[in-house]
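The values are calculated or read from the model by the stated rules, or taken from the named source; none is laboratory data. Just so you know, these numbers come straight off a predicted model, no measurement behind them. Heads up, the Cβs are rebuilt from the backbone with ideal geometry, glycines too, and the neighbour counts pull from every protein chain shown. The protein model used for the area step is the full one, side chains on, heavy atoms only, and it has no ligands, DNA or RNA in it. Shrake-Rupley method; radii C 1.70, N 1.55, O 1.52, S 1.80 Å.
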Amino acid sequence: MALKRLTRQRKAVLEVVRKAHNHPDAAWIYQEVRKVVPKVSLGTIYRTLDALVAEGYLTPITKAGEATRYDANLHPHLHLVCEACGEIVDLEVALPDLVALAQEAHPGVEVRAAEVTFRGLCPTCKAALKG
């Protein structure tokens, strides 16, 4: 996949999110990109993230009342949100085609996507409870 305009800022944002495994938000991405492109603005980060999402390079993870986080793992997967620290952990779990099942059960609607999020403890928080 080639970006429409591979500016220095876009390349830096994409590289930062791809290297991060913490599903970062825009503020964290901004701090990391500034290490490479010191004069980048927060507005540029938001516009770049929007463009990368629109072009299919990133997936936004949204939860009401919280900052949008970004995922560069484009393979089908689920998430576990740690109830203790808020970390988002990728889970590779096979599920049935939920979109098809919902569409079949409710033919009067158009189902475009499905999201499933697990809640529990990340490995670090689980280990801390045992200690």
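Those strands (runs of 3 or more DSSP E) of region 35-131 in which at least 1 residues are farther than 15 Å from HIS21 by Cα and touching a residue at least 24 places away in the same chain (Cβ under 8 Å), considering only elements entirely within it, cover 117-120. Would you confirm whether any residue within region 64-71 is at pLDDT below 95 and among the aromatic types (Phe, Trp, Tyr)? Within region 64-71, none of the residues are at pLDDT below 95 and among the aromatic types (Phe, Trp, Tyr). The set of residues in region 19-34 being part of a helix (DSSP H, G or I), surrounded by 14 or more Cβ atoms within 10 Å (Cβ to Cβ) and among the charged types (D, E, K, R) consists of GLU32 alone.
Selection of region 42-70 for residues being open to solvent by less than 50 Å² (accessible area, probe 1.4 Å) and under 13 Å from the mean Cα position of the chain (by Cα) yields LEU49, LEU52, VAL53, GLY56, TYR57, LEU58, ILE61, THR68, TYR70. For region 71-107, filtered to residues that are touching a strand residue (DSSP E or B) at 6+ places or on another chain (Cβ under 7 Å) and of a type in the set (Val, Ile, Thr), the residue that is surrounded by the fewest Cβ atoms within 10 Å (Cβ to Cβ) is VAL93. With the structure loaded, tell me whether LYS39 is over 28 Å from LYS126 (Cα atoms) and either modelled with pLDDT under 90 or loosely packed, with under 15 Cβ neighbours inside 10 Å (or both) or whether it fails that test. Yes: the conditions hold for LYS39. For ARG5, the criteria (1) closer than 17 Å to ALA67 by Cβ; (2) at pLDDT below 95 hold in every case but one, which is (1).
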